[in-house]
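Undergrad: What follows is a single structure, and I will ask about it in a moment.
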Amino acid sequence: MIRSQHLLKLSCSTLLQNSRNMAAKKRKSVKPEFEADDSSSQNQEKKQKPENQWIPPNWEEAYENLRTMRADRSAPCDQGKRDKSKYTLKEQRFHTLTGLMLSSQTKDDVTIAAMERLREHGCTVQNLLDTSDDKLGKLIYPVGFWRTKVKYIKGACQVLKDEYDSDIPRTVEGLCKLKGVGPKMAYLCMEHAWNDCVGIGVDTHVHRIAARMGWLEKECKTPEHTRKGLEAWLPKDRWREVNMLLVGFGQQICLPIGPKCGECLNRELCPTGQKWTPSPKKKTPTPKKKKA
């Protein structure tokens with residue numbers, strides 16, 4: 001009797017051990033859904049963040065210096081405050097689009113003067129459609145390629161009347177479908193006409209200065225490539241301001257030919273400024289921070 005009980009216990013113990021071994025084998029083949037180790041989960045989160053995203057060194061300091069140098073808003077692009085009193089919001093949006101169309105290959109003061117003449121004439125979609133090509137040409141002359149721009153403006157006016165109830169498109173794609181309107185104009189128009197900053201407006205100044213300051217990871221041969229290069233790293237809350245800063249800076253200090261690196265607060269931060277040497281015939285000016 002005792003022997004039988006002992007054998008029964010041994011048998012039960014063997015069965016229990018075998019079942020445990022089988023369960024252990026099954027568990028080995030199952031992959032855990034969650035990591036028990038906190039450090040592993042933290043590493044996983046880090047991998048998801050764009051740690052390898054390229055960002056230019058010292059860009060925040062350089063950006064603040066740009067704000068300081070542009071504090072007085074005295075560049076040509078800052079001029080030309082408009083009288084909006086007699087025009088509706090819809091008509092003011094049309095003025096923004098027209099001004100951008102005129103600005104291509106044209107100095108700001110010439111564009112501003114042309115827009116003032118158009119406003120005095122009556123700058124509405126219908127009135128410009130009723131204006132002869134000859135008269136419209138005289139109003140916008142001497143903007144660059146004024147004859148071509150007469151055709152573009154007239155063509156745009158017809159599209160706006162037929163398809164947008166004399167308003168302007170509310171998307172970059174819609175604006176770019178108008179002849180004479182490119183991406184730079186479209187992004188600036190979205191910002192200033194619709195108060196919707198969906199991208200950085202890159203003109204010749206922004207294109208040039210972004211490259212000079214080392215703000216692009218790769219060489220960008222076109223303004224559109226520069227836009228994408230800047231938007232890849234520049235925080236979106238700076239997109240609205242950066243065009244205004246760089247355009248005025250390019251008109252006053254970072255000139256296309258003969259940039260005034262000696263007057264620039266970013267001389268030591270900018271790759272181009274670091275290579276700059278003063279002319280022996282001229283006195284080297286000391287960069288001065290403008291009073292706030």
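The values are calculated or read from the model by the stated rules, or taken from the named source; none is laboratory data. Computed from a predicted structure; not experimentally measured. No Cβ is skipped: glycine too gets one built from the backbone with ideal geometry, and neighbour counts run over all protein chains shown. Please note that ligands, DNA and RNA were not included when accessible areas were found on the heavy atoms of the full protein model with its side chains. Shrake-Rupley method; radii C 1.70, N 1.55, O 1.52, S 1.80 Å.
Undergrad: Take the Cα radius of gyration of segment 91-184 and divide it by 2.2 N^0.38 Å, with N its residue count; two decimals is plenty.
TA: 0.97
Undergrad: Determine how large the accessible area of His225 is when every protein chain is in place; take a 1.4 Å probe and give Å² rounded to the nearest 10.
TA: Number for this one is 100 Å².
Undergrad: Quick check: residue separation of Trp54 and Lys275 times 0.36 nm, minus the Cα distance between them. What number comes out in nm?
TA: Full extension from Trp54 to Lys275 adds 77.2 nm.
Undergrad: Still on this structure: For segment 194-257, what class follows from the C-alpha gyration tensor (a ≥ b ≥ c being the square roots of its eigenvalues): rounded when a/c is under 1.5, otherwise prolate if a/b is larger than b/c, else oblate?
TA: The shape class here is oblate.
Undergrad: Keeping all protein chains in place, calculate the accessible area per residue for segment 56-211 (probe 1.4 angstrom), answer in Å².
TA: Here the residues of segment 56-211 average 50 Å² of exposed surface.
Undergrad: Tell me the Kirkwood hydrodynamic radius of segment 137-292 in angstroms, computed as one over the mean inverse distance between distinct C-alpha pairs.
TA: Taking the inverse mean of 1/r over all distinct Cα pairs, segment 137-292 comes out at 17.9 Å.
Undergrad: Here's a follow-up. Starting from the residue with the highest accessible area, list Lys90, Lys138 in decreasing order, probe 1.4 Å.
TA: Lys138, Lys90
Undergrad: Next question, about the same structure. Do any of Lys90/Lys161; Lys107/Lys177; Lys154/Lys221; Lys184/Lys275; Lys179/Lys218; Lys135/Lys177 go past 23 Å between their Cα atoms, and which?
TA: Exceeds cut-off: Lys107/Lys177; Lys154/Lys221; Lys184/Lys275; Lys179/Lys218; Lys135/Lys177.
Undergrad: So what does Ser166 come to for accessible area, using a 1.4 Å probe and Å² rounded to 10?
TA: 40 Å²
Undergrad: Only Cα pairs under 8 Å and at least 6 apart count here; give the relative contact order of segment 122-208 as a rounded whole percent.
TA: This gives 19 percent for segment 122-208.
Undergrad: Order the peptides 123-131, 229-237 from the highest to the lowest mean number of other Cβ atoms within 10 Å of their residues.
TA: Result, highest mean first: 123-131, 229-237.
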